Amino acid sequence: MAISGISSYGLNSLYGYQSTINSLRLSQALYKNPRLNQTSSSTSASSVITQKAAKNANVAFVKEYSTSMTDLMEAANELRSSNKSGAMSDLAVTSSDEKVATASGKLLLKSDKDFKLDVTQIAQAQTNVSEGVKASAYAQSDMNFTVGDDKNSVNVQVSAVKANGGSKTNAQMLREAADQINKSKANVTASVVEKDGVASLQIQGKETGAGNTFEVSGEMGAAAGAENVKTEAVNAKYSVTTGGVTTEHESESNTVSVGYVGVSAELKGTGQATLKADVDTKKVADALSDLVDAYNSSLKFLNDNFDKGTGIARQMQSLLNGLGSEQSLKQMGITVNKDATLKFDRAAFDKNMAKDSALTRDLISGLGGIADRMFNKASSGLNMNANSLTNGYSSNAYSSSYGSSSKNSATNPYAVLGLYSRSGVYNMSNYNAVGMMMNYLI
């Protein structure tokens, strides 16, 4: 008679101990039993090899299945709002008018503040331009002039006569002067501008701002007029309004701070622009594209292995159902192909993000959004019973090896044990079953 139904803590401990002892006895008996080790009579070598190959193939398949589901989970997790390091948490500062200003940098924390930028003047570098001369005409005199500021300057010397005694053209003179300036340590650059046969020398400061000026003086020759300033060096002037408060600013550089820590704006022109923190659209688009690719890959894997097990069919059905309405998918730039795979249209996504960013973001990463649904589907797939993926290979392997069928179940020790025990993990404490096993095996 099997012992069961006793709930005493002490007795349960005794039965657990006895269960362990009986398990060891059974393992030893199975190892010594000649009936289970006769390769010539009970199991042929080819059968063993076939079973081993089948087992290895199924193990490899389950690993491949797990990899597919894991890849889908990771792609979905990148877009989940709960992922603080994901694409939806990586906030970038954007500008409403990039002709006025562009913004760069990232925020670690979300800020709902908007900064209204009003640019009345951008910072400029000083520019001097010489009078235009006929480029192909011969130069009338040498050049000997100085360009620079109080710290660094260059003396430009260009002869109007070539080494062979010939005369240089105005264009040649200007190019040699520009070359000497650019090779110097003076805080300026030079270039020759030619248009319709007329050439001039342009000298520009390397840095913007009212404090970065230079002077040109001396015998100018073909660069006559370059000593005159065409564009003054000036500072940028702008105001920033946030929370109803406006502050005035002035800067030598067009790269300015607008209130966000670690974020800067590059002033491009006069006018108004609004800077605000939002998700990095490009990064979100990349992550959404990766999610679609992972989904398609998983769907193809399941479809290619549809007949492996009932669990594959269930997981495939799970992926196909509940992706969202056609309209919702379209808002995210996603359409469903005829073969049930997905297609991501980046241009459509960008357009919808610009039109209604909040709605698009919510459909992707909000509660119940596509990222959450994909993540949960993949997670459920990983928790699926492995036997269902391969139609219960493990139990079939024992049946095949030890002859568990209707006509020979009496000779199968595992079947015998099952006939007398129904107590789960404690079945080895069923003394009648174990006793019969011992008598049978030893």
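The values are calculated or read from the model by the stated rules, or taken from the named source; none is laboratory data. This is a predicted model, so every value here is computed, not measured. Because the Cβ atoms are built from the backbone with ideal geometry, glycine has one as well, and the counts that use them run over all protein chains shown. Ligands, DNA and RNA are excluded from the accessible area calculation, which covers all protein heavy atoms including side chains. Shrake-Rupley method; radii C 1.70, N 1.55, O 1.52, S 1.80 Å.
Summary table below
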read-out	value
Residue in segment 194-203 that is in contact (Cβ under 8 Å) with a residue 12 or more places away in the chain, within 17 Å of S253 (Cβ to Cβ) and crowded, with 16+ Cβ neighbours inside 10 Å present	no
Single residue of G262, G243 found to be touching a Leu at 6+ places or on another chain (Cβ under 8 Å), at pLDDT below 95 and open to solvent by 40 Å² or more (accessible area, probe 1.4 Å)	G262
Top-ranked residue of segment 369-385 - restricted to ones that are surrounded by fewer than 17 Cβ atoms within 10 Å (Cβ to Cβ) and more than 19 Å from L323 (Cα to Cα), ranked as modelled with the highest pLDDT	N383
Search result, residues across segment 356-370 that are without any contact (Cβ under 8 Å) to a residue 60 or more places away in the chain and farther than 13 Å from S82 by Cα	D356, A358, L359, T360, L363
Condition check for D142: open to solvent by 40 Å² or more (accessible area, probe 1.4 Å), at pLDDT below 95 and touching an Asp or Glu at 6+ places or on another chain (Cβ under 8 Å)	no
Filter result for T208 (under 23 Å from E252 (Cβ atoms), within 50 Å of the chain's Cα centre (by Cα) and open to solvent by 50 Å² or more (accessible area, probe 1.4 Å))	no
Meets criteria (touching a helix residue (DSSP H, G or I) at 6+ places or on another chain (Cβ under 8 Å) and either open to solvent by less than 70 Å² (accessible area, probe 1.4 Å) or of a type in the set (G, A, S) (or both)) for A137	yes
Filtered residues of segment 73-117 (kept if more than 20 Å from S239 (Cα to Cα), part of a loop (DSSP other than H, G, I, E, B) and at pLDDT 85 or above)	E78, L79, R80, S81, S82, N83, G86
Subset of segment 348-367 (residues that are over 15 Å from E78 (Cα atoms), open to solvent by less than 70 Å² (accessible area, probe 1.4 Å) and not β-branched (V, I, T))	A348, F349, D350, N352, M353, D356, S357, A358
Which numbered condition S27 fails, given (1) at pLDDT 70 or above; (2) within 30 Å of M384 (Cα to Cα)	(1)
Residue that is farthest from N128 (Cα to Cα) [pool: residues in segment 184-193 that are surrounded by 13 or more Cβ atoms within 10 Å (Cβ to Cβ) and not hydrophobic (A, V, I, L, M, F, W, C)]	S184
Leading residue by the ranking (nearest to the chain's Cα centre (by Cα)) among those in segment 119-129 that are buried (at least 20 other Cβ atoms within 10 Å of the Cβ) and in a strand (DSSP E or B)	V119
Strands (runs of 3 or more DSSP E) enclosed by segment 130-214 - at least 2 residues per element that are over 22 Å from K230 (Cβ atoms)	153-158
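The rows are residues; the columns are (1) open to solvent by 10 Å² or more (accessible area, probe 1.4 Å); (2) out of contact with any Gly (no Cβ under 9 Å at 6 or more places or on another chain); (3) in contact (Cβ under 8 Å) with a residue 12 or more places away in the chain.
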{"site": "D149", "(1), (2), (3)": "yes, no, yes"}
{"site": "V154", "(1), (2), (3)": "yes, no, yes"}
{"site": "Q157", "(1), (2), (3)": "yes, yes, yes"}
{"site": "K162", "(1), (2), (3)": "yes, yes, no"}
{"site": "S167", "(1), (2), (3)": "yes, yes, yes"}
{"site": "M173", "(1), (2), (3)": "no, no, yes"}
{"site": "N182", "(1), (2), (3)": "yes, yes, no"}
{"site": "T231", "(1), (2), (3)": "yes, yes, yes"}
{"site": "A236", "(1), (2), (3)": "no, no, yes"}
